[in-house]
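Structure first, then comments.
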Amino acid sequence: MLGAKVGRRNAEELRAALSRAGLLDKKHAIIDDADNVIIPVTSEPPRSMLEANSGTMIEADFPTRKQRRDPIELIREAADIPDRLLRLLPSKWERLGDIGVIRLDDALNPYEDKVAEAYARVLRLKTVLREVGGIEGEFRRPVSRVVFGRDTVTTHLENGIRYRLDVADIMFSSGNEEERIRMAGIRCDDETVVDMFAGIGYFSLPLAVYQKPRKIVACEINPKAHSYLVENIALNGAGARVQPFLGDNRTLAGESFADRVVMGYVKTTHEFLPVALRYLRDGGVLHYHETCPNALISQRPLQRLKEAAQRRNVEVLRFKEIKSYAPGVSHVVLDARINAHA
Ligand SMILES: C[S@@+](CC[C@H](N)C(=O)[O-])C[C@H]1O[C@@H](n2cnc3c(N)ncnc32)[C@H](O)[C@@H]1O
């Protein structure tokens, strides 16, 4: 096979020139040879290109470059289903730890097992769940069914934080990832934080692990989610900073004790504003989430917050769309400082 031998210093320049000229052999890997490298080529490059980089042509045996193939191609190959259905295999899926969640077209129903097995095999999943509904009820439970494997409990790693959860029973929205990561960067030194909808620690853990709050009161009403929250606090060494509270977030004692209140909930979050504002001291910060029709995004979240704040002053710090929630509806977050009435 043909290769261009070149000193290490000029290697990148020659490689780029060969690539631009369409002469780089991408099926084979570059050879490292002491002070030189040998770049595989598909045919002899112009002499001027070699000379410009002090390269010479040689014969060499190049190792084959491992081809990275799109997993969906491998899944299509692995799925033992009629060819006409292959195009229906979803090219997107959720992966939480070693568990996969897929949504399938009904035409694939007779082949559900085979399809699930193909995803499991190619993506190396211990269990595959099929999403059969949305996220339901006060506890925000996902509606899904196991279609491969058995064990639905896993540990999902995100941003250096380990979240243990039962994927069949507890939601974990990949669309909220950016927001979970943003919370990790919110300075809250020495603050008392109330996380009103803590779940398994989606926001409490990033704050506790990456910042130095004095205390985070993490409220969770679902005993199952609360028990994973307790486990995750330990798993991430956040026990000194996070106090899990099992129960309704409206039942905390006291008022004006929180420097920050996190309201990571959808649909009815506004109903909890009066209680959040009762906990928040003057000058404290609220992270208010809302699912809002797109046509109302520029007014409704702030309007609701101002109404709940009554005579207190609302200072908007930041407003952001987190994700599309449903057609024409967005999940947004408004950060605001609530100041005493001037
Ligand atoms: C699932 S989380 C929201 C998702 C999260 N923002 C994320 O990043 O994926 C919402 C949690 O609030 C809990 N919850 C709902 N109402 C509550 C209440 N009144 N008090 C405490 N927790 C509540 C639910 O059980 C659920 O676990």
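What follows is calculated from the coordinates using simple rules that are stated; it is not laboratory data. These numbers were taken from a predicted model, which means no experiment stands behind them. Counting neighbours? That spans all protein chains shown, and the Cβs are built from the backbone with ideal geometry, glycine included.
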For the chain, set up a GNM with springs between Cα atoms under 10 Å and report which of Asp105, Asp33, Asp70 has the largest fluctuation.
Asp33
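Once you list every other residue whose beta carbon is under 15 Å from the beta carbon of Leu302, what net charge do they have if Lys and Arg are +1 and Asp and Glu are -1? Before the final figure, lay out the partial values.
Values: positive: Arg300, Arg304, Lys306, Arg312, Arg318, Lys320, Arg337; negative: Glu290, Glu307, Glu315, Glu321, Asp335.
Here the count lands on +2.
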What whole number of Å gives the distance from the Cα centroid of the range 139-189 to the Cα centroid of the range 272-291?
24 Å
Explain nothing, just the number: dipole magnitude of the chain about its Cα centre with +1 on each Lys and Arg Cβ and -1 on each Asp and Glu Cβ, in debye rounded to the nearest 20.
560 debye
Kindly write out, for the range 72-86 in residue order, the coupling ³J(HN,Hα) from the Karplus curve 6.51 cos²θ - 1.76 cosθ + 1.60 (θ = phi - 60°), rounded to whole Hz, with x marking Gly and Pro.
5, 5, 5, 5, 4, 5, 7, 6, 8, 9, x, 3, 5, 9, 4
Checking the cross-link filter: which aspartates and glutamates have an alpha carbon closer than 20 Å to that of Lys306, excluding same-chain neighbours under 8 positions apart?
Glu255, Asp259, Glu271, Asp282, Glu290, Glu315, Glu321, Asp335
Here is the link list: Lys5/Lys27; Lys267/Lys323; Lys26/Lys114; Lys5/Lys26; Lys5/Lys66; Lys267/Lys320. Which ones come out longer than 25 Å on Cα distance?
Lys26/Lys114
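Quick one: Kirkwood hydrodynamic radius for the range 2-59, alpha-carbon pairs, angstrom, one decimal? Please list the in-between numbers first.
On the way: mean 1/r = 0.0923 Å⁻¹.
Result for the range 2-59 stands at 10.8 Å.
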Long-range alpha-carbon pairs in the chain, meaning those over 36 Å apart, account in percent for 43 percent
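How much net charge surrounds Asp33 when only the other residues with a Cβ under 11 Å from the Cβ of Asp33 are counted, with Lys and Arg +1 and Asp and Glu -1?
Details: positive: Lys5, Arg8; negative: Asp32, Asp35.
Neighbourhood net charge equals 0.
If packing is taken as the average number of other Cβ atoms within 10 Å across a peptide's residues, how do 264-270, 199-205 rank, most packed first?
On the way: 264-270: 18.3, 199-205: 29.0.
So the order, starting with the most tightly packed, is 199-205, 264-270.
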At 7 Å along Cα-to-Cβ for each site, give me the label-to-label distance between Arg311 and Phe139 in nm.
4.3 nm
Pulled fully out, how much extra length does the chain show between Glu77 and Asp32, if you take 0.36 nm times their separation in residues and subtract their Cα-Cα distance?
12.7 nm
For the pair Arg214 and Arg162, the simple spin-label estimate (label points 7 Å beyond Cα toward Cβ) gives in nm 3.1 nm
Options Thr155, Ala52, His28, ranked by Cα towards positive dipole end of the chain, top entry (Cβ charges)
Thr155
Can you tell which of Leu85, Leu24, Leu129 shows the greatest fluctuation in a Gaussian network model of the chain with Cα springs below 10 Å?
Leu24
Under a 10 Å cutoff between Cα atoms, tell me which one of Pro274, Pro63, Pro293 has the largest fluctuation in the Gaussian network model of the chain.
Pro63
Taking loop as defined by DSSP and a crowding limit of 15 other beta carbons within 10 Å, which GluC sites (Glu not before Pro) in the range 128-196 fit?
Glu138
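Do the sum for the chain: with -39,500 (n - 2.57) for every DSSP H run of n ≥ 4, divided by all residues, what is the mean residue ellipticity at 222 nm, to the nearest 500 deg cm²/dmol?
Taken over the chain, the calculation gives -7000 deg cm²/dmol.
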